[in-house]
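What follows is calculated from the coordinates using simple rules that are stated; it is not laboratory data. These numbers were taken from a predicted model, which means no experiment stands behind them. Using ideal geometry, Cβ is built from the backbone for each residue, glycine included, and neighbour counts are taken over all protein chains shown.
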Amino acid sequence: MTLPNFPSLWMTEEHEMLRESVKRYIEQKWVPRAAEFRELGRLPPEVWREAAANGLLCVSTPADYGGGGGNFAHEAVILLEQARANLSGWGGGLHSAIVAPYIIHHGTEEQKRRWLPKMCTAEFITAIAMTEPGTGSDLQSVRTTAKRDGDHYVINGAKTFITNGQNANLIAVVARTGDGGAKGMSLVFVETDAGGEGRDSTPGFRRGRQLDKVGMKAQDTSELFFDDVRVPAENLLGMKEGQGFFQLMQELPQERLIIAVSGIGAMERALEETLKYTKERKAFGKTVWDFQNTKFKLAEVQATVLATRAFVDACMVSHLKGELDAARAALAKAWVSEQQCKVMDECLQLFGGYGYMMEYPIAELYVDARVQRIYGGTNEIMKELAARFM
Ligand SMILES: Cc1cc2nc3c(=O)[nH]c(=O)nc-3n(C[C@H](O)[C@H](O)[C@H](O)COP(=O)(O)OP(=O)(O)OC[C@H]3O[C@@H](n4cnc5c(N)ncnc54)[C@H](O)[C@@H]3O)c2cc1C
């Protein structure tokens, strides 16, 4: 038994009902197939489509465009349950709560009508391609270009570490449409027809390797290459050049909150697993739980989880009122991911050698946690950003 959490002030009865149904769906449909997804390195497009049909995709997209008509709290409920189920490989959160908001907040009406309904059914699976082999943290140094040529843009460049990179058939590419610096950046969408089937007919577009990662084995993180890829000028987000950096800065706080929310779900699961294990495992004629060290460690973990969740809940309340600033979102991302890595390490230790075996969920929780301090902006960058407001 773990202590119940303090009630999350942002959660209503409706969110609780959604939580129950998402939990049931994931337990019945995905947990039994988790090993298969890891082996394949992704959740196949038909699994995405089934998830969409069962209300797990684009829950915060307005109903007018085929979405669930909810808000970020609905997305957070799904993210929490996905993390608790130890299924970090599904990139549904990025699709629904990162890419869709770019289109909702910055797209033209025509772009919303063209892309959102198909995203809600997973006919389009999306990715956002910012990072390049030569630049990640220093986003303003991206070298991928999108040059206007009549009524088209011609894209050239290479991207790497792109989540949903093999499945995606609608890719938001951060590219340079003008001179150096923030004002020369734009977001240009590329439609392809692969959706994970490997049949890209978009001339000049190529998917590279599905990258072999330390963790997140069921996530298709990939390289993407653009070699004179022509897209209609109508694929420029908002139809106005030079808005990319501004659009990214507006949406990144939510991306950081997503990482924080997922971290909470993962820590809660780790604590639960460790309590269960230590109360069963015997050493020196008693259970591992009976050692005072175990009780102290897990009491500390419990305190960390409760305190970290309280911080994230406060950020959630603020965000739902449209008041979460970039600095607090950055601190939440950095703080939670650091606590998450410490918690996973403490918990894994209490499993002894079994903690190092992938068949125990704690091992996967441990390796999956590590990237949380890196992606979505490294924790060093988060602290730089937060310090500007101190
Ligand atoms: C699993 C995974 C999924 C990802 N998904 C996506 C995705 O979907 N889309 C996407 O565009 N990207 C994605 N990324 C990329 C990710 O966002 C970058 O890896 C991250 O932003 C860091 O960039 P980098 O790897 O180039 O590291 P670098 O920028 O080269 O940083 C190297 C080190 O230098 C430090 N550093 C850099 N600048 C500073 C500074 N000013 N002050 C102090 N320290 C500094 C960093 O903190 C880091 O420790 C993903 C990465 C991973 C691993």
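A few points about this structure:
- By the rule of a second cysteine Cβ within less than 4.7 angstrom, the chain holds isolated cysteines at Cys315, Cys341, Cys347.
- Shown here: region 246-387, whose C-alpha atoms stretch 61, 25, 22 Å along the first, second and third principal axes, sorted largest to smallest.
- Electrostatic dipole magnitude of region 126-241 [Cβ: Lys, Arg +1; Asp, Glu -1; Cα centre; debye, to 20]: 240 debye
- The calculated 222 nm mean residue ellipticity attributable to helices in the chain amounts to -14500 deg cm²/dmol, summing -39500 (n - 2.57) over DSSP H runs of n ≥ 4 and dividing by all residues.
- The magnitude of the dipole of region 291-390, with charges of +1 and -1 set on the Cβ of Lys/Arg and Asp/Glu and taken from the Cα centre, is near 220 debye.
- Separation of region 32-108 from region 4-25 is 17 Å, based on Cα centroids.
- In sequence order, calculated HN-Hα J values of region 23-30 (Karplus, 6.51, -1.76, 1.60; Hz; x Gly/Pro): 4, 4, 4, 5, 5, 7, 9, 9
- Think of each Lys and Arg Cβ as +1 and each Asp and Glu Cβ as -1; about the Cα centre, that makes the dipole of the chain roughly 700 debye.
- Beyond 28 Å in Cα-Cα separation lie the following of the pairs Lys159/Lys333; Lys29/Lys217; Lys118/Lys342; Lys159/Lys183: Lys118/Lys342.
- For region 13-120, dividing the convex hull volume of the Cα atoms by the residue count gives 89 Å³ per residue.
- Pairs of alpha carbons in region 177-310 separated by more than 24 Å make up 61% of all such pairs.
- Look at the dipole of the chain built from charges on Cβ: of Ala387, His105, Gly69, the Cα furthest out on the positive end belongs to Ala387.
- Quick note on region 18-81: its Rg to Rh ratio, both from C-alpha atoms and Rh being the Kirkwood radius, is 1.00.
- Relative to the 2.2 N^0.38 Å rule of thumb, the chain has a C-alpha radius of gyration ratio of 0.99.
- Cα shape, region 126-241, gyration tensor, a/c 1.5 rule: oblate
- Residue (of Thr304, Cys315, Leu350) at the positive-pole extreme of the chain, dipole from beta-carbon charges: Leu350
- Annotation for Ser201 and His152: the two label points, set 7 Å from Cα along the Cα-Cβ direction, are 1.6 nm apart.
- Loop sites in region 276-325: trypsin sites (Lys or Arg not before Pro), DSSP, at most 13 other Cβ within 10 Å: Lys321
- Selection from Ser222, Ala270, Phe291, by position along the positive dipole direction of region 219-307 (Cβ): Phe291
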